Amino acid sequence: MLCGYPRCQFVLPQKVGYEKSGFKFWFVIFIACIPGVICQLLLDDLADKYLFTPVSVAVTLFLGGIWMIYAENKFRNKSVGDSGLNVTAKQALIIGTFQCLAIIPGMSRSASTIIGGWVSGLSTVAAAEFSFFLAIPVMVGMSALEILKIGGMANLTSMEIISLAVGFLVSFLVALIVVNKFILYLKRKPMRIFAVYRMIFAVVVLAAGFTGIFH
């Protein structure tokens with residue numbers, strides 16, 4: 001059971017069969033993770049090497065903002081469904097494919113998955129809820145990958161392990177609190193303000209790059 005946002009969501013297996021159980025939900029989450037795992041393993045080092053520059057990040061931020069506005073205008077009012085717990089396997093695969101875009105520095109994972117949700121036919125609220133649940137295995141997986149890159153847990157000190165665990169827990173709890181407010185906001189307002197923020201921040205990043213603040 002995951003509780004607290006925006007209402008209690010029961011996603012543990014129940015005795016009412018596969019279709020109504022948490023098994024189905026977490027299986028769908030697993031499907032959504034597959035494209036991202038493949039992209040991460042194949043392209044992560046290349047993205048960091050060739051795309052992690054002020055210019056490329058600024059361009060991605062700016063184009064991502066334009067894309068958010070376009071996608072919201074095109075798909076938001078055509079989407080249905082009010083719960084991220086009712087996502088189908090096909091929708092999850094579409095969302096997971098869009099999540100691959102987050103490997104590009106400057107591209108937001110949450111924005112990518114919400115847009116993927118719109119394209120697959122979800123409402124903004126349902127897409128945002130599913131994006132939150134999808135972030136759980138993503139956070140765990142990314143942390144595990146970084147640990148493997150440095151040789152595994154054996155190469156971490158006790159203090160580093162504690163810091164990692166505390167950081168993960170705090171990040172999850174903060175996300176749990178923030179997502180409730182975010183869902184309530186999305187029920188009333190468009191995401192355009194976040195797109196505008198991206199475009200403004202793109203200009204800041206570009207200026208910082210040219211002035212030598214970022215290298």
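Calculate the translational D of the range 18-211 in whole µm² s⁻¹ from Stokes-Einstein, where the hydrodynamic radius comes from the Kirkwood formula applied to all Cα pairs, the temperature is 37 °C and the viscosity 0.692 mPa s. Don't jump to the answer; show the numbers that get you there.
On the way: Rh = 17.9 Å.
Stokes-Einstein gives a translational diffusion coefficient of 184 µm²/s.
Mind sorting Ile183, Ile213, Ile94 by how few other Cβ atoms lie within 10 Å of their own Cβ, fewest first? Each step should come with its number before you reach the end.
Numbers: Ile183 19, Ile213 11, Ile94 22.
Going from sparsest to densest Cβ surroundings: Ile213, Ile183, Ile94.
Just to verify a number: FRET efficiency for Phe23 and Ile162, C-beta to C-beta distance, R0 = 30 Å, to 0.05? Present the calculation step by step, with values, prior to reporting the outcome.
On the way: r = 33 Å, r/R0 = 1.10.
Using R0 = 30 Å, I get an efficiency of 0.35.
For a test of the definition: using alpha carbon positions, the gyration tensor, and the 1.5 limit on a/c, classify the range 53-116 as rounded, prolate or oblate. Before the final figure, lay out the partial values.
Working: a/c = 3.36, a/b = 1.70, b/c = 1.98.
The shape class here is oblate.
With the crude spin-label approximation of a point 7 Å out along Cα→Cβ, what separation in nm comes out for Phe52 versus Arg192?
3.6 nm
For Val204 and Thr88 in the same chain, what is the full-extension length gain: residue separation times 0.36 nm, less their Cα-Cα distance, in nm? Can you show the working numbers first?
On the way: separation 116, 0.36 × 116 = 41.76 nm, distance 3.94 nm.
Gain on stretching Val204 to Thr88: 37.8 nm.
So how far apart, in nm, are the two label points at Leu169 and Ile213 if each is 7 Å from Cα heading toward Cβ?
A separation of 3.6 nm, rounded to one decimal place.
Every number in this text was worked out from the coordinates using simple rules, so none of it is lab data. No experiment lies behind these values; they were computed from the predicted model shown. No Cβ is skipped: glycine too gets one built from the backbone with ideal geometry, and neighbour counts run over all protein chains shown.
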